[in-house]
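Each remark here refers to the structure printed beneath this line.
The values are calculated or read from the model by the stated rules, or taken from the named source; none is laboratory data. Computed from a predicted structure; not experimentally measured. Every residue, glycine as well, gets a Cβ built from its backbone with ideal geometry; the counts of neighbours run over all protein chains shown. The protein model used for the area step is the full one, side chains on, heavy atoms only, and it has no ligands, DNA or RNA in it. Shrake-Rupley method; radii C 1.70, N 1.55, O 1.52, S 1.80 Å.
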Amino acid sequence: MAKIFVVAEHRDGRLKKSTFELLGASAAAGHETHAILLGEGVAELAKELAHYGAQKVHLVQDPALKLYSAEAYAKAVVSVLKGASPDIVLASHTPTGRDFMPRVAARMGAGLASDCVQVSLDGGRLAARRPVYAGKAIVEVEFIGSGVQMATVRANALGVPKPDTSKTAEILTASADLSGLKTKVLEVVKGASGRPDVTEASIVVSGGRSLKSADNFKMIEDVADVLGGAVGASRAAVDAGYRPHRDQVGQTGKVVSPTLYIACGISGAIQHLAGMRTSKVIVAINTDAEAPIFQVADYGIVGDIFAIVPQLKEEFRKIKEH
Amino acid sequence: MNIFVCIKQVPDTETKIKLNATSSGIDPAGIKWILSTYDEYAVEEALRLREKNPGSTVTVLSAGPARVIESIRTALAMGADNGIHIDLPETADNNSIAKALAGALKKEAKVDLVFTGKEALDDSAAQVSQLLAEYLDAACVTVVLGVEYGPAGVKARREVEGGAVEVIEASFPVIIAAQKGLNEPRYASLPNIMKAKKKEVKALKAADVGVSDADQKIRYKNFQLPPPKQAGKKIAGDPATQAKELVRLLHEEAKVV
Ligand SMILES: Cc1cc2nc3c(=O)[nH]c(=O)nc-3n(C[C@H](O)[C@H](O)[C@H](O)COP(=O)(O)OP(=O)(O)OC[C@H]3O[C@@H](n4cnc5c(N)ncnc54)[C@H](O)[C@@H]3O)c2cc1C
């Protein structure tokens, strides 16, 4: 049995599904499962961490952790880990996890496998696989030496376990010296949309150049909203100004692995496939039966998005209402 | 100002990746190498900053095998002043690379700003900027969309999730990891490509920058090509039928909605 630490992530007072995935994987493999919970006024969240497998929750509350900063997070995580003899430390490969985990690794002298899509914790050693060259190859990560092993894991890679609300965790309150930070967060300007982030959503509906205008993306948004999903876009759609760059899926955009990816009028260029080919189920809708997107699609419709997508919204709505 | 840019050379995004005979890496034959896309924004930002601050210098660093000198020359052709190449093996991990870059930067008299890309397009690990911050004991802002430069530091806007933007203040020395949108990188002009050939690229070895085998923390092995996908189901009929059937399959067969 190994000692596994999961750095919990939360936004707007709610824990992330990807945190539950990591806790669930550790608990299911029978390891001593610790969560590290950072913030201010977040103690309540510890209960839910327990439901997903945390046996111990290390709680660090500090005004310097109210707003996320890589430096403060790294310092706080390390203050918990030092002296706790961790074997494995996990976080999600979210915009947050990928930012602070290298700093934790440096401070712990540990190896870090980033953006893992397969993780096994059998035997108390971390075996991880990750894509390289934009998913054109997949590699196994070998940790050299016997030190602490660290990984960031792509959201949706492991699956969310069923919570057990009867479970409780021991809460260990910790403090960290967060003085002398070199950066200061002056302000967080919120994004306008209430939709989930494209990297974390379990359903992504994407549109390409064929949408022809920013206004036409409304029909893509409608389908995403019925499904509680995120909106993605090809680079051609972004370059044409139909969507902001943060929605771009692909090698020079976001890399996503949702359970369902619906590509509407996207040709499937190699750089786009790089960003979505690890999705569990891929749907392609395209007028061109020869479009390369069909080579990775589980379900394909050769047809016009302007005729099909509005119908699709209605059909999804019907099953959602049941 | 003493401005630095850390860059990486990566396979062109169109390149077809083949594995070597032992699956311990990729087959280098036929690969077209380019300056990693996000690093172009880093170089451009450094050049613009120099243009606003006469007397500044822009030095480009890269750690890797001899081939990476070609990408240092690309950055010199864009307008950087000089380069530093640190010779590391093809298999060096991000920790060794960051240690090497930090070791080389520590030899410099003064470091005000270090620009990097937010990630490299080969392993997309997004580790080096933050590791560098730790090893240099410097401030660091990642995924940067815009920077205001002051006399003693910066105010940077960084992209976070859900379209939110954080505004971060940091004093020099600071590491800025560039996101697309920071600027529009320039093309190298022919005269500048010619001039770049004569610019100095200093050569350093791992030992010169204090890097040893012990800095290698991970290694990639057992390379595999992604398994080919089974041919998918094509759904026929008029749009209404197609939509209905697709939703039925997603619900009953794939069970994803
Ligand atoms: C260095 C580099 C990085 C890149 N990074 C990315 C990246 O991160 N992400 C990315 O997406 N691309 C990226 N690209 C661009 C990529 O090569 C393609 O140009 C881009 O993905 C094409 O977008 P698209 O599929 O929307 O447009 P197109 O390739 O023009 O395809 C449009 C498709 O829509 C179909 N169509 C047209 N009308 C309809 C209709 N009414 N109904 C249904 N189908 C219709 C057409 O048949 C066609 O297949 C990159 C390129 C380079 C060189």
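Might you check whether a residue that is of a type in the set (Ser, Thr, Tyr), open to solvent by 20 Å² or more (accessible area, probe 1.4 Å), touching a residue at least 40 places away in the same chain (Cβ under 8 Å) and assigned to a helix (DSSP H, G or I) occurs anywhere in the range B:73-89?
Within the range B:73-89, one or more residues are of a type in the set (Ser, Thr, Tyr), open to solvent by 20 Å² or more (accessible area, probe 1.4 Å), touching a residue at least 40 places away in the same chain (Cβ under 8 Å) and assigned to a helix (DSSP H, G or I).
Please determine whether any residue of the range A:122-139 is on the phi < 0 side of the Ramachandran plot and open to solvent by 60 Å² or more (accessible area, probe 1.4 Å).
Within the range A:122-139, the first condition is being on the phi < 0 side of the Ramachandran plot, and the residues that meet it are A:122, A:125-132, A:136-139.
Add one more test, that the residue is open to solvent by 60 Å² or more (accessible area, probe 1.4 Å), and what stays is A:122, A:125.
Among the residues of the range A:122-139, at least one is on the phi < 0 side of the Ramachandran plot and open to solvent by 60 Å² or more (accessible area, probe 1.4 Å), which makes the answer yes.
Just to be sure, is A:Ala297 facing chain B (nearest Cβ under 8 Å), at pLDDT 95 or above and part of a loop (DSSP other than H, G, I, E, B)?
The answer is yes for A:Ala297.
Which residues, counting only those in the range B:172-191, are surrounded by fewer than 15 Cβ atoms within 10 Å (Cβ to Cβ) and more than 19 Å from the chain's Cα centre (by Cα)?
B:Ser189, B:Leu190, B:Pro191
In the range B:94-125, what residues are facing another protein chain (nearest Cβ under 10 Å), open to solvent by 10 Å² or more (accessible area, probe 1.4 Å) and assigned to a loop (DSSP other than H, G, I, E, B)?
B:Lys118, B:Glu119, B:Asp122, B:Asp123, B:Ser124
Mind counting the residues in the range B:213-254 that are of a type in the set (Lys, Arg) and within 30 Å of A:Ala113 (Cβ to Cβ)?
4
Among residues belonging to the range A:181-233 that are open to solvent by 10 Å² or more (accessible area, probe 1.4 Å), outside any helix (DSSP H, G or I) and among the polar types (S, T, N, Q), point out the one that is farthest from A:Ala263 (Cα to Cα).
Checked the range A:181-233; the qualifying residue farthest from A:Ala263 (Cα to Cα) is A:Thr183.
If you check A:Lys75 against the conditions, is it open to solvent by 30 Å² or more (accessible area, probe 1.4 Å) and within 14 Å of chain B (Cβ to nearest Cβ)?
When the stated conditions are applied, A:Lys75 passes them.
Test of understanding: among B:Ser71, B:Ser56, which residue is more than 16 Å from the ligand (Cβ to nearest atom) and more than 14 Å from chain A (Cβ to nearest Cβ)?
B:Ser56
Suppose the filter is more than 14 Å from chain B (Cβ to nearest Cβ) and farther than 16 Å from A:Val117 by Cβ; does A:Gly207 pass it?
yes
Working carefully through the options A:Ala236, A:Ala201, A:Ala230, A:Ala263, find the one that is within 19 Å of the chain's Cα centre (by Cα) and within 16 Å of the ligand (Cβ to nearest atom).
Answer to the selection: A:Ala230.
Considering each of A:Ala307, A:Ala291, A:Ala269 in turn, give the residue that is more than 7 Å from the ligand (Cβ to nearest atom) and small (Gly, Ala, Ser). Write out each step before concluding.
On the way: A:Ala291 fails: more than 7 Å from the ligand (Cβ to nearest atom); A:Ala269 fails: more than 7 Å from the ligand (Cβ to nearest atom).
Going through A:Ala307, A:Ala291, A:Ala269 in turn, the sole match is A:Ala307.
One line per residue, one yes/no per condition, for (1) acidic (Asp, Glu); (2) surrounded by 13 or more Cβ atoms within 10 Å (Cβ to Cβ); (3) free of Cβ contacts under 8 Å to residues at least 24 places away in the same chain; (4) not assigned by TED's automatic domain parsing to the domain that holds B:Thr22:
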site: B:Val211; (1), (2), (3), (4): no, yes, no, no
site: B:Asn222; (1), (2), (3), (4): no, yes, no, yes
site: B:Gly232; (1), (2), (3), (4): no, yes, yes, yes
site: B:Ala236; (1), (2), (3), (4): no, no, yes, yes
site: B:Pro239; (1), (2), (3), (4): no, yes, yes, yes
site: B:Ala243; (1), (2), (3), (4): no, yes, yes, yes
site: B:Val247; (1), (2), (3), (4): no, yes, yes, yes
site: B:Glu252; (1), (2), (3), (4): yes, no, yes, yes
site: B:Val257; (1), (2), (3), (4): no, yes, yes, yes
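Is the range B:138-148 home to any residue that is in the same structural domain as B:Glu119 (by TED's automatic domain parsing), open to solvent by 40 Å² or more (accessible area, probe 1.4 Å) and not basic (Lys, Arg)?
yes
Counting only residues that are touching a residue at least 12 places away in the same chain (Cβ under 8 Å) and within 13 Å of another protein chain (Cβ to nearest Cβ), which one in the range A:154-180 is most open to solvent (accessible area, probe 1.4 Å)?
If we take residues in the range A:154-180 being touching a residue at least 12 places away in the same chain (Cβ under 8 Å) and within 13 Å of another protein chain (Cβ to nearest Cβ), then A:Gly159 is most open to solvent (accessible area, probe 1.4 Å).
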